[in-house]
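Visitor: Here it is: the structure, laid out below.
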Amino acid sequence: MQVILTGTSQGLGLALYNILKTQNVNLVALSRRFLPEQYSDESNVENLHLIKVDLSDSSETINALSDIHFEDNVLFINNASKINPIEKIANIPAEDIINVIDLNFIAPALIINQIMKSRPRLLTVINISTGADNKVIDNWSLYCSTKAGLKMFLNVLDLENNINIIHIDPGVMDTNMQAIIRKSNFKDLSYFKQLKSNCKLKSPDEVAYDIFESYIKGRLI
Ligand SMILES: NC(=O)c1ccc[n+]([C@@H]2O[C@H](COP(=O)([O-])OP(=O)(O)OC[C@H]3O[C@@H](n4cnc5c(N)ncnc54)[C@H](OP(=O)(O)O)[C@@H]3O)[C@@H](O)[C@H]2O)c1
């Protein structure tokens, strides 16, 4: 099986990367930066491909995808995403609106489009979703709507014969995304600050392990 994973430099994506690189799979990591140890992995881990790409730039994404040879049985883990700007729509620069939509919605659609053009026997998509895709949160207009829109897009694809969609809400994790949330301004901010101060955030390593055990391990062949 070939695994395509986005956003591997930190957070949940890094934790999933660290598990998958030990599994003897053809692992393609798409990220806008890589850690020095990931560049060393390239020479030590067989079948690992690091592709540096800014997924919020659709032309760059299309270009990067054209270099990938997709296999017959592909698992695409859609992880890379951004929540900021957390702001009233009038205060968001136009280019930031485009940037979030490109990363959270357009990039995964382009990746799936390119995989399916290679006519695989099976494509499984693990979409790292969020409770916010079904919840109206003030100042989170771009994040809530792009995550909700992508979920609907994938649910439609799920009707296609050889595409299997799994949405996973990882819960609230101790990552940079939460740090950004805690520095923002919206009604329920104190809830997120309390989760951090009461040590209620999940570790991305623990979440990645659960995702691997429950949804990935059994599919690896
Ligand atoms: N954290 C939570 O509490 C939480 C809750 C529910 C759902 N989720 C979901 O979980 C997933 C992972 O979140 P996380 O908390 O691990 O986020 P994170 O710590 O912010 O990491 C996001 C990853 O995506 C990469 N990325 C961002 N912009 C990119 C771009 N333009 N091109 C390529 N890669 C890019 C980041 O790279 P850089 O290092 O270069 O920024 C990073 O590797 C997301 O889909 C998120 O919606 C998170």
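Visitor: Would you check which residues across the range 111-141 are away from the ligand (no atom under 12 Å from the Cβ) and under 18 Å from S56 (Cα atoms) and list them?
Guide: Passing the criteria: I112, N113, Q114, S141.
Visitor: Hey, among I101, I77, I86, I137, which residue is among the hydrophobic types (A, V, I, L, M, F, W, C), more than 23 Å from V172 (Cβ to Cβ) and at pLDDT 95 or above?
Guide: The conditions single out I101.
Visitor: Still on this structure, I have one more. Looking for whichever is touching a Lys or Arg at 6+ places or on another chain (Cβ under 9 Å), modelled with pLDDT of 95 or more and either under 20 Å from P204 (Cβ atoms) or of a type outside the set (V, I, T) (or both) here; the options are L65, L20, L48, L16. Which one fits?
Guide: Of L65, L20, L48, L16, the one residue that is touching a Lys or Arg at 6+ places or on another chain (Cβ under 9 Å), modelled with pLDDT of 95 or more and either under 20 Å from P204 (Cβ atoms) or of a type outside the set (V, I, T) (or both) is L48.
Visitor: Still on this structure, I have one more. Of the conditions (1) polar (S, T, N, Q); (2) buried (at least 18 other Cβ atoms within 10 Å of the Cβ); (3) at positive phi, N47 satisfies every one except a single condition; which number is it?
Guide: Looking at each condition in turn, N47 falls short on (2).
Visitor: While we're on this one: Just for the range 96-110: of the residues that are more than 10 Å from the ligand (Cβ to nearest atom) and β-branched (V, I, T), which one is farthest from H69 (Cα to Cα)?
Guide: I97
Visitor: Could you check the range 160-182 and list, in sequence order, the residues that are over 17 Å from the mean Cα position of the chain (by Cα), within 13 Å of the ligand (Cβ to nearest atom) and not aliphatic (A, V, I, L, M)?
Guide: R182, the sole residue that qualifies.
Visitor: Any idea which residue in the range 11-44 is nearest to the chain's Cα centre (by Cα), counting only those that are surrounded by fewer than 16 Cβ atoms within 10 Å (Cβ to Cβ) and within 11 Å of the ligand (Cβ to nearest atom)?
Guide: R33
Visitor: Does S214 count as within 16 Å of S81 (Cβ to Cβ) and either touching a Gly at 6+ places or on another chain (Cβ under 6 Å) or not aliphatic (A, V, I, L, M) (or both)?
Guide: For S214, the condition - within 16 Å of S81 (Cβ to Cβ) and either touching a Gly at 6+ places or on another chain (Cβ under 6 Å) or not aliphatic (A, V, I, L, M) (or both) - is not met.
Visitor: Go through the range 1-117 and tell me which helices (runs of 4 or more DSSP H), entirely inside it, have 1 or more residues that are closer than 19 Å to N127 by Cβ.
Guide: Output list reads 11-20, 58-66, 94-101, 107-117.
Visitor: When you look at S58, is it out of contact with any Lys or Arg (no Cβ under 9 Å at 6 or more places or on another chain) and of a type in the set (G, A, S), yes or no?
Guide: The answer is yes for S58.
The values are calculated or read from the model by the stated rules, or taken from the named source; none is laboratory data. Bear in mind the structure is a predicted one, so any value in this text is a computation, not a measurement. Using ideal geometry, Cβ is built from the backbone for each residue, glycine included, and neighbour counts are taken over all protein chains shown.
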